[in-house]
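Visitor: Please find one structure pasted underneath; my questions will follow.
Only the coordinates and a few stated rules stand behind these numbers; no lab work does. The structure presented is a predicted model; accordingly, all values stated were derived computationally and were not measured. Neighbour counts run over all protein chains shown; Cβ positions are idealised from the backbone, glycine included.
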Amino acid sequence: MKQRKKLLLHTCCGPCLTHVHSVLSVEYDTVVFYYNPNIAPQAEYAQRLSEVKQFTTIHNVVLLTGRYNQADWFKAVREQRFSGELSPRCYLCYSLRLKETFDVAKQCKYDVVCTTLSVSPYKDAEKINEIGRSFAELYGIQFIEADFKQNGGYQHSIVLSKQYGMYRQKYCGCVYSRLERDKNSLWSIKSNNYKKNMITANNKY
Ligand code: SF4
């Protein structure tokens, strides 16, 4: 019998995990890795982790919890903090989380790495795959490229998370995305001005 590969699945939250697990567990021996130092406040981080724990317990899946090293996350995205969602700020955020996943995969000898991040319509799958590819080359570990929101994947995650009675968050995760929900917040105004200035500066050259 063909041996199943060991997959380390970076997981951002329970709802996204439901769909991705249903797709990948058919082929891989999956271990879930919750590593999200971007999430704030800490109570929100804990609530999302608790949903993931509940799901992994039901499905008898091993769950590894990463560090909650928020200071490193703030440092990593600082230069791009005003650039909003689906922007270079998010690319730095994906990169930090994927790098840690590859580090753990390397240490613990996993065959394959993947992430649930692309389930969300607010995540850039092309960029996630590009970052995953570059780490795959660097670490010599396979990365599963995907856009899990496609083919009804996002809708499927909604259906499943409702079935499990999961909490569904109202913002992506970081303190900035939380502030950006209110288009009239001081943060949103600053962020919009920053983006306008960037466009003007780019058009000058
Ligand atoms: S909006 Fe989401 S992906 Fe972008 S930086 Fe914040 S937490 Fe990370």
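Visitor: Once the dipole of the chain is set up with Lys and Arg at +1 and Asp and Glu at -1 on Cβ about the Cα centre, which of GLN70, VAL52, GLY152 lies farthest towards its positive end?
Guide: The listed residue farthest towards the positive side: GLN70.
Visitor: I'd like to know which of TYR35, GLY84, VAL104 lies farthest towards the positive end of the charge dipole of the chain, counting +1 on Cβ of Lys and Arg and -1 on Cβ of Asp and Glu.
Guide: Final value for the positive-end residue is GLY84.
Visitor: Along the Cα→Cβ direction, 7 angstrom out, place labels at GLN42 and ASN197. What is the inter-label distance in nm?
Guide: Here the modelled spin labels are 3.4 nm apart.
Visitor: Follow-up question, since we're still on this one. When only C-alpha pairs under 8 Å and at least 6 residues apart count, what is the relative contact order of the chain, in percent?
Guide: Rounded, it is 26 percent for the chain.
Visitor: Quote the charge dipole size of the stretch 84-149 about the Cα centre in Debye, to the nearest 20; the model charges only the Cβ of Lys and Arg (+1) and of Asp and Glu (-1).
Guide: Dipole size: approximately 160 debye.
Visitor: What number comes out for the charge environment of HIS10, summing +1 per Lys or Arg and -1 per Asp or Glu over other residues with Cβ under 13 Å away?
Guide: Residues near HIS10 contribute +1 overall.
Visitor: So how strong a dipole does the chain carry about its Cα centre when Lys and Arg Cβ are +1 and Asp and Glu Cβ are -1, to the nearest 20 debye?
Guide: The dipole magnitude comes to about 440 debye.
Visitor: Using the structure shown, list the pairs from LYS123/LYS196; LYS5/LYS162; LYS53/LYS149; LYS2/LYS106; LYS53/LYS162 with a Cα-Cα distance above 25 Å, or answer none.
Guide: Listed pairs above 25 Å: LYS5/LYS162.
Visitor: So how far, in whole Å, is the C-alpha centre of the stretch 93-116 from the one of the stretch 146-169?
Guide: 22
Visitor: Rank these for me by crowding, HIS19, HIS59, going from fewest to most other beta carbons within 10 Å.
Guide: In increasing order of surrounding Cβ atoms, one gets HIS59, HIS19.
Visitor: Once the Cα gyration tensor of the chain is diagonalised, what are the square roots of 5 times its eigenvalues, in whole Å and ordered largest first, as equivalent ellipsoid semi-axes?
Guide: Output for the chain: semi-axes of 29, 20, 16 Å.
Visitor: Could you pull out every one of the aspartates and glutamates with an alpha carbon less than 15 Å from that of LYS127, ignoring same-chain neighbours closer than 8 positions?
Guide: In chain and number order, the partners are GLU85, GLU145, ASP147.
Visitor: Taking the Cβ of TYR164 as the centre, find all other residues whose Cβ is under 15 Å away and add up their charges (Lys, Arg: +1; Asp, Glu: -1).
Guide: +3
Visitor: Right, something else. If we count every other residue with Cβ under 13 angstrom of ASN192's Cβ, Lys/Arg +1 and Asp/Glu -1, where does the sum land?
Guide: +1
Visitor: What does a probe at ARG67 reach in the stretch 29-58, counting residues whose amide N is under 19 Å from the point 7 Å along Cα→Cβ?
Guide: 33-40, 42, 45-46
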